Amino acid sequence: MNRVLEIWRDIGQDSLNLPNFLTLFRILLIPVFIILFVNPTPDQSLAAAIVFTVAAVTDMLDGYIARRTGQVTKLGKLLDPVADKLLVLSALILLMNVDRVSALVALLIIGREVAVTGIRAIAAGEGMIIPAETTGKYKMALQVVAIILLILEGTGFAELGNMHLAGTVTLYLSLVLGYISGGQYVWSFWKQVVAKGL
């Protein structure tokens, strides 16, 4: 119990703010999304798409509010990327389960995310600050759009066009941008490693 209180003091009262509540809300939406989409019917797919969209909107809002109001916290910096990855990766795995995403594409995306997260953890441990690249933000936006399109494939929205094709092409574009941004991140990390003489 004492250890929990120490961690709480380290995090601080400042962490009890709207951006962090939005991030926590996004994490809580993930199991709701999984329950809806694990055995999708047209109605459940639509509900899952709505939940996923709400979660994605909180991703845009929490960072924006935190920066605009000066409420950036250590907890937020820790939870936000974790929430993003949990949301996207759970969706990819479920889409792969219903044959809307190929295993190879899912593995390439998951591998990239794991590698960048590992490098980010090493960088943080060495006190390095590596800012997020704009390419990475575009990658995330494309992933969200692709996943929503692929979820909607099994709903009445499919009458509007070929959701599978649109979602797959968008996902491939996000994959390309993901590896470009990942390469930029590794290059920024390597330059700092050389500069520090590690």
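The values are calculated or read from the model by the stated rules, or taken from the named source; none is laboratory data. From a predicted model like this one, the values you see are computed outputs, not experimental measurements. When we count neighbours, we look across all protein chains shown, and the Cβ atoms used for this are built from the backbone with ideal geometry, even at glycine.
Assorted remarks:
- Residue satisfying condition, being under 17 Å from residue 146 (Cβ atoms) and under 14 Å from the mean Cα position of the chain (by Cα), within set 91, 49: 91
- Residue pairs meeting the criteria (Cβ under 9 Å; at least 6 apart or on separate chains; first free of Cβ contacts under 8 Å to residues at least 60 places away in the same chain and among the polar types (S, T, N, Q), in the range 184-198; second surrounded by 10 or more Cβ atoms within 10 Å (Cβ to Cβ) and part of a loop (DSSP other than H, G, I, E, B)): 184/133; 188/128; 188/130; 188/133
- Selection status of residue 21, over 15 Å from residue 144 (Cα atoms), in contact with a Leu (Cβ under 6 Å, 6 or more places away or on another chain) and of a type in the set (A, V, I, L, M, F, W, C): no
- Checklist (1) within 22 Å of residue 60 (Cβ to Cβ); (2) modelled with pLDDT of 95 or more applied to residue 81, failing item: (2)
- Verdict on residue 172 being touching a residue at least 24 places away in the same chain (Cβ under 8 Å) and closer than 18 Å to residue 89 by Cβ: yes
- Qualifying residue in the range 144-161 (condition: closer than 23 Å to residue 33 by Cα, touching a Ser or Thr at 6+ places or on another chain (Cβ under 9 Å) and outside any helix (DSSP H, G or I)): yes
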